[in-house]
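Asker: There's a structure below that I have some questions on.
The values are calculated or read from the model by the stated rules, or taken from the named source; none is laboratory data. Only a predicted model underlies this, so the values are computations on that prediction, with no experimental measurement involved. Methodologically, a virtual Cβ is constructed for each residue, glycine included, from the backbone with ideal geometry; neighbour enumeration extends over all protein chains shown. These accessible areas exclude ligands, DNA and RNA; they are computed on the full protein's heavy atoms, side chains included. Shrake-Rupley method; radii C 1.70, N 1.55, O 1.52, S 1.80 Å.
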Amino acid sequence: MALSWRSWLANEGSKHLFLFFWLSLNVWFFWKTFLLYYQGLQYYYLHQMLGLGLCVSRASASVLNLNCCLVLLPMCRVILAFLRGSQKVASKKTRRLLDKSKTFHVTCGVTICIFSVLHVAAHLVNALNFSENYSEEFLALNAANYRGEDPRKILFATVPGLTGVIMVLVLFLMCTASTYAIRVSNYDIFWYTHNLFFVFYMLLMLHVSGGVLKYQTNLEEHPPGCFSPNKTLRQNLTVPKAFGELFPDYTTEPFPEDLPVSEPFVQNNFMRICSEEPKFQSHFPETWFWISGPLCLYCVERLYRYIRSNKPVTITSVISHPSNVLEVRMMKDDFEARPGQYVILHCPRVSALESHPFTLTMCPTDTKATFGVHLKIVGDWTERFRDLLLLHSNQDTEILPIFQQRRYPKLYVDGPFGSPFEEALNYEVSLCVAGGIGVTPFASVLNTLLDGWKCYKLRRLYFIWVCRDIESFRWFADLLCMLHNKFWQENRPDYINIQLYLSQTDGIQKIIGEKYQALNSRLLIGRPQWKLLFDDIAKCNRRKTIGVFCCGPNKISKILHKLSNSSNSYGTRFEYNKESFS
């Protein structure tokens with residue numbers, strides 16, 4: 001299957017180029033810092049003591065500073081939502097890069113893990129060298145107290161060593177709990193361990209304040225390797241023969257400053273005379289410069305989000321749908337959202353710290369202030385939340401008047417935040433593919449079109465929904481029927497193309513109810529033939545750019561991504577987008 005280079009570059013190629021660029025940037029940054037410490041005269045004596053361990057530890061530390069600075073920025077959800085929604089970023093391609101914030105966050109996290117291993121290994125070698133190469137000549141450089149000191153004392157009895165060990169443990173917990181297997185099997189572990197990042201950053205601020213590695217400050221007065229005749233420990237120096245004749249061993253008087261020494265002699269032998277002893281000073285903690293800005297920005301945003309979400313919402317209705325799906329409709333003062341965005345729900349009675357993102361299936365409009373979400377009951381949090389909302393688990397619907405809202409638990413909503421599906425209305429033609437509960441991002445888009453479609457760029461929508469059981473289609477069957485009837489009445493039946501696929505069945509089934517007759521005619525048994533579907537869409541929309549949006553299993557996502565990058569004979573270009581909570 002041939003690939004269109006333009007399409008590949010716009011979709012998968014951009015991601016690969018970015019990863020290659022980011023890897024190259026980190027390697028370049030590591031190498032430049034390595035050479036700085038390897039060739040820098042101010043690190044001459046420290047390099048003589050520690051060897052390459054100094055260069056590797058400082059070079060890896062620079063890479064860690066860069067990534068610890070940037071890893072927080074993709075988590076500033078409010079800023080990302082502002083950039084997307086305010087049209088400050090006019091280019092659609094650039095706005096699509098904002099959707100890769102989670103990928104960038106993970107990339108920085110993996111880079112931190114890799115270079116942390118390198119940094120720890122280098123400092124283990126440094127601790128050993130500090131002990132074995134203890135210098136009585138340059139006492140200020142020593143991290144050890146005496147020659148042969150146990151390196152474990154340097155690691156566990158000093159502030160940089162102890163904080164470094166604890167940071168390694170915290171980073172190990174965060175990395176292992178971030179794996180896909182743990183996130184799927186027990187999200188609570190991922191949630192609580194990932195919030196240890198604040199402890200990690202506090203330890204990092206202390207870690208760099210120890211000032212173990214020092215540089216020389218008086219290079220002009222004491223060039224590295226210069227000859228100092230006034231040293232008291234002259235037996236440790238190898239004195240040139242010419243100087244030995246001038247200053248015999250028994251001489252104890254200070255070296256006369258006015259004694260003439262032939263300048264050609266000094267130049268020919270590359271020898272310079274020291275005017276004073278070397279002076280050493282610890283580096284100012286550069287890490288503070290790197291992480292203080294992003295950390296403060298993130299903390300300010302979290303404070304803003306806390307203030308914004310501090311007031312609980314008013315739950316207007318709770319509806320229990322088939323196949324363990326719960327719909328919650330709410331109201332909140334001054335709440336505004338765009339189709340495709342998501343919110344984060346926090347219920348203190350379910351969990352004091354834990355909260356979860358859910359896509360909005362209904363957005364507030366000028367005529368109604370209600371917004372809602374659909375929850376799939378698949379874990380402990382959603383099960384406890386459902387039990388608190390519904391008095392009886394077999395109750396289909398519970399719609400209460402406002403004065404009885406006290407029976408509902410307090411629910412706080414943080415958001416809304418941006419997602420790729422905000423772009424669904426900005427294409428002339430969009431293909432929306434949903435798998436099961438993955439239909440939720442498209443529900444808000446469909447609800448918006450029901451209120452009015454002429455103000456948007458979208459002129460044709462292909463909606464594909466794949467479910468395992470027939471009851472799942474009832475989640476939004478009423479919405480689809482109303483939308484279908486609306487466009488028929490407006491003489492625009494070609495505006496939306498609805499295709500429902502039932503992947504598992506024992507026979508011919510229909511959505512129960514006469515009012516769903518329009519959907520029954522669009523219900524197909526089996527799975528979509530994706531290649532034929534893409535070819536048909538490309539043929540009907542020649543030389544157009546089509547937005548492809550997918551929220552569902554990874555298997556479907558990979559197929560659609562591959563087909564979006566494939567060339568066709570109709571000049572049609574597909575741009576792939578996928579739901580990903582950051």
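Asker: Step by step: first the residues of segment 17-72, then only those that are more than 29 Å from the chain's Cα centre (by Cα) and not in a helix (DSSP H, G or I), then the one that is nearest to P224 (Cα to Cα). Which residue is that?
Answerer: Once the filter is applied, the top-ranked residue is G40.
Asker: Give the number of residues within segment 308-344 that are closer than 21 Å to S472 by Cβ, surrounded by fewer than 21 Cβ atoms within 10 Å (Cβ to Cβ) and of a type outside the set (A, V, I, L, M).
Answerer: The total comes to 8.
Asker: Further question: Looking at the structure I just gave you, is T158 modelled with pLDDT of 80 or more, under 16 Å from K214 (Cα atoms) and open to solvent by less than 60 Å² (accessible area, probe 1.4 Å)?
Answerer: yes
Asker: Let me confirm something: among P254, P223, which residue is more than 25 Å from the chain's Cα centre (by Cα) and at pLDDT 75 or above?
Answerer: P223
Asker: Which count do you get for residues in segment 370-380 that are open to solvent by 50 Å² or more (accessible area, probe 1.4 Å) and either outside the structural domain of E336 (by the TED database) or hydrophobic (A, V, I, L, M, F, W, C) (or both)?
Answerer: Number of matching residues: 1.
Asker: Mind counting the residues in segment 557-582 that are closer than 22 Å to L80 by Cβ and either open to solvent by less than 30 Å² (accessible area, probe 1.4 Å) or in contact with a Pro (Cβ under 7 Å, 6 or more places away or on another chain) (or both)?
Answerer: 8
Asker: Count, please, the residues in segment 166-218 that happen to be in contact with a Phe, Trp or Tyr (Cβ under 8 Å, 6 or more places away or on another chain), open to solvent by less than 30 Å² (accessible area, probe 1.4 Å) and more than 20 Å from T111 (Cα to Cα).
Answerer: 1
Asker: Could you say whether any residue in segment 208-220 is over 23 Å from V71 (Cβ atoms), hydroxyl-bearing (S, T, Y) and at pLDDT below 85?
Answerer: yes
Asker: Considering only residues of segment 538-556 that are free of Cβ contacts under 8 Å to residues at least 60 places away in the same chain and open to solvent by 10 Å² or more (accessible area, probe 1.4 Å), which is nearest to D99 (Cα to Cα)?
Answerer: The extreme case among them is N554.
Asker: Please verify whether L524 is touching a residue at least 12 places away in the same chain (Cβ under 8 Å) and assigned to a helix (DSSP H, G or I), treating the condition exactly as stated.
Answerer: no
Asker: Under the condition of being modelled with pLDDT of 80 or more and acidic (D, E), which residue from segment 475-532 is surrounded by the most Cβ atoms within 10 Å (Cβ to Cβ)?
Answerer: It comes out as D478.
Asker: Let me ask you something else. Are there helices (runs of 4 or more DSSP H) fully within segment 135-222 with at least 1 residues that are closer than 16 Å to H119 by Cβ and outside the structural domain of S351 (by the TED database)? List them.
Answerer: By residue number, 151-156, 159-177, 197-207.
Asker: Here is a list: E354, E383, E398. Which entry is at pLDDT below 85, not assigned by the TED database to the domain that holds G438 and not in a loop (DSSP other than H, G, I, E, B)?
Answerer: E398
Asker: Has segment 451-470 got any residue that is open to solvent by 40 Å² or more (accessible area, probe 1.4 Å) and touching a Gly at 6+ places or on another chain (Cβ under 9 Å)?
Answerer: Yes: segment 451-470 contains one or more residues that are open to solvent by 40 Å² or more (accessible area, probe 1.4 Å) and touching a Gly at 6+ places or on another chain (Cβ under 9 Å).
Asker: Let me ask something else about it. Considering only segment 447-457, I want to know if a residue exists there that is in a helix (DSSP H, G or I) and in contact with a strand residue (DSSP E or B) (Cβ under 9 Å, 6 or more places away or on another chain).
Answerer: yes
Asker: Filter segment 345-366 for residues that are over 14 Å from R384 (Cα atoms), among the hydrophobic types (A, V, I, L, M, F, W, C) and open to solvent by less than 60 Å² (accessible area, probe 1.4 Å) and give the result.
Answerer: F358, L360, M362, C363
Asker: For the condition in contact with a Cys (Cβ under 8 Å, 6 or more places away or on another chain) and open to solvent by 40 Å² or more (accessible area, probe 1.4 Å), what is the one hit in E221, E136?
Answerer: Only one candidate passes the filter, namely E221.
Asker: Being farther than 21 Å from Y43 by Cβ and either open to solvent by less than 50 Å² (accessible area, probe 1.4 Å) or within 21 Å of the chain's Cα centre (by Cα) (or both) is the filter here; which residues of segment 271-287 pass it?
Answerer: Answer for segment 271-287, where residues must be farther than 21 Å from Y43 by Cβ and either open to solvent by less than 50 Å² (accessible area, probe 1.4 Å) or within 21 Å of the chain's Cα centre (by Cα) (or both): just M271.
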